[in-house]
Amino acid sequence: MASDDREFQKRKAELEERLESLENERVSLMTEVEALRQKRTLLDLEKKGATLQATVDMLKMEKADLEGQIASIEGTQ
């Protein structure tokens, strides 16, 4: 009977230790996953910002070119 009790206590301690370890890992992974989600969001926003900036720059150059062409045409009339 004492042997059964020792085995129970040993197995209980092992399982409690495993549960604590898994809980710690879960908390750690949740923190890491959230940080990675935030980083991905920032990278996505930076990429969209860069694409939009390139489009705006291209449109500004086209606008300046068209204004120059119009001024040139108006100047010859």
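The values are calculated or read from the model by the stated rules, or taken from the named source; none is laboratory data. Note that the structure is a prediction, hence the values are computed from the model and not measured. We place every Cβ from the backbone using ideal geometry, glycine too, and count neighbours over all the protein chains shown. To get the accessible areas, we keep the full protein, side chains included, count just its heavy atoms, and leave off ligands, DNA and RNA. Shrake-Rupley method; radii C 1.70, N 1.55, O 1.52, S 1.80 Å.
Does Gly49 satisfy being surrounded by fewer than 10 Cβ atoms within 10 Å (Cβ to Cβ) and not acidic (Asp, Glu)? So Gly49 fails the test. Of the residues making up segment 58-75, at least one is on the phi < 0 side of the Ramachandran plot and either outside any helix (DSSP H, G or I) or among the β-branched types (Val, Ile, Thr) (or both).
The residues of segment 1-15 that are open to solvent by 100 Å² or more (accessible area, probe 1.4 Å) and either in a helix (DSSP H, G or I) or of a type in the set (S, T, N, Q) (or both), listed by number, are Asp4, Arg6, Glu7, Phe8, Lys10, Arg11.
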